[in-house]
Amino acid sequence: MPPACADTPFALRKPTSSGTNVLSASTNSAIPLVNCLALPLGLYGLVLNVIAIKAVNQFSYGKAIATLALIILGVLMVSAFIAAIVFVTLAPAVGNVFSNIIERTIPLMP
């Protein structure tokens, strides 16, 4: 792995950690107006990630944005795959639970 690629995780850690500290669940519940900062801070974090990718890998802004988009797309695809597996695994059990609830609450017509 080239030295520049080896530094990418370290460069991406700082912008991500600053956003998660500010937007933690306890902060949102304690100070409701902080929730208004979620979108601007999220976009700011994405901009910082693009700048970090650009600086570490010596890419242009277009390549850095494409790299970040591919990373996000990959994470979404893996998440969707895991969610589909969980859904397929749990669907029969959930169906049985709802069938039992319906049978107990609605008497069958003779």
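Please give the length that would be gained between Lys63 and Leu33 if that part of the chain were fully extended, namely 0.36 nm times their separation in residues minus their C-alpha to C-alpha distance (nm, one decimal).
Net length gain for the segment: 7.2 nm.
Run the Debye formula on the Cα coordinates of region 58-106, all scatterers equal and no solvent, and tell me log10 I(q)/I(0) at q = 0.15 1/Å.
-0.60
Can you pull the one-decimal nm distance between simple spin-label points at Asn96 and Tyr44, each 7 Å off the Cα toward Cβ?
Roughly 5.1 nm, to one decimal.
Starting at the first residue of region 78-95, write each ³J(HN,Hα) from the Karplus equation 6.51 cos²θ - 1.76 cosθ + 1.60 with θ = phi - 60°, in whole Hz, x for Gly and Pro.
Residue by residue, region 78-95 yields 5, 5, 5, 5, 5, 5, 5, 5, 5, 5, 5, 6, 8, 4, x, 5, 5, x Hz.
Only the coordinates and a few stated rules stand behind these numbers; no lab work does. None of the values given here were measured: they were computed from a predicted structure. Methodologically, a virtual Cβ is constructed for each residue, glycine included, from the backbone with ideal geometry; neighbour enumeration extends over all protein chains shown.
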